[in-house]
1. Residue by residue through region 57-74, which ³J(HN,Hα) values in whole Hz follow from phi under the Karplus form 6.51 cos²θ - 1.76 cosθ + 1.60 (θ = phi - 60°), with glycine and proline marked x?
2. By average Cβ neighbour count within 10 Å, what is the ranking of 127-135, 47-55, 75-83 from highest down?
3. Mean separation of Cα pairs under 8 Å and 6+ residues apart, divided by the residue count of region 38-97: what relative contact order is that in percent?
4. Quick one: grab the alpha carbon gyration tensor of the chain, order the square roots of its eigenvalues as a ≥ b ≥ c, and give me rounded if a/c is under 1.5, else prolate or oblate depending on whether a/b is larger than b/c.
5. Given the C-alpha centroids of region 14-75 and region 99-148, what is the distance between them in whole angstrom?
6. Given H placed on each backbone N at 1.01 Å, which residues far from Thr34 in sequence or on other chains put an amide H within less than 5 Å of it?
7. Tell me, what ³J(HN,Hα) does each residue in region 80-88 have, in order and in whole Hz, if you take phi through Karplus 6.51 cos²θ - 1.76 cosθ + 1.60 with θ = phi - 60° and put x for Gly and Pro?
8. Could you tell me which of rounded, prolate or oblate describes region 79-122, using a ≥ b ≥ c as the square roots of the eigenvalues of the alpha-carbon gyration tensor, with rounded for a/c under 1.5 and, failing that, prolate when a/b is larger than b/c and oblate otherwise?
Amino acid sequence: MIAERVKHAGGRPPKYKTVEEMSDKIDDYFNSITTTKDKLDEAGNPEYDNAGNEIRIVEYFIPPSILGMCLYLGIDRDTLNEVYYKKEEFVGTIKRAKAKVEQYLADQLNRTTQVAGIIFNLKNNFGWKDIQTVENTGPNGGPLLIQAVSAYSDEDLRLMAEIMERAQIHGEVVDIEPK
């Protein structure tokens, strides 16, 4: 009797079968690129936070990155995003890992003047964006006054339409206040 070869539907089986397995490996990645020490006061004694917990300082000797984490995990970014992130049980673990990288990058914005690459990374990989607010005001910063069209005479409206048409055709800046 010939044994039939069973193919795995959908390609190679996943490298990480459980969340715990992936989570442990992600922890190993961050531990491999950091050192942790106690925060000490001037007398050399450990400092504590308001909850009574000893304050620990985490220093990265290699900057964390999603790509670096994927290389450590032995998977590529597409696998992380297209396979594991689509499995509900892995989402929390991946979000926490990405949040650590994002926090590192955000902290770097305050520590260095070379921020263009950091900003690019945050915008493209973490959904950050520039927001610009435009505020329109009237004279001297007062309210913007809008007069109802019905308050103008037919002649005034015809002149305004003519002025606006002229401005669009020639790109002129014109005063549209009727005389």
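1. Once rounded to whole Hz, the list reads 9, 9, 10, 8, 9, 10, x, x, 8, 5, 4, x, 5, 4, 4, 5, 6, x.
2. 75-83, 47-55, 127-135
3. For region 38-97, the relative contact order is 17 percent.
4. Oblate shape, in that a/c is at least 1.5 and b/c is the bigger or equal ratio.
5. 29
6. Amide H to amide H, under 5 Å and 5 or more residues apart or across chains, Thr34 pairs with Phe61.
7. 4, 7, 8, 10, 6, 5, 7, 9, 3
8. prolate
Each reported figure results from applying straightforward, stated rules to the coordinates on display, with no laboratory input. Computed from a prediction, not measured in an experiment: that's the story for all the values here. Cβ coordinates were reconstructed from backbone atoms using ideal geometry, including for glycine residues, and neighbour counts include every protein chain displayed.
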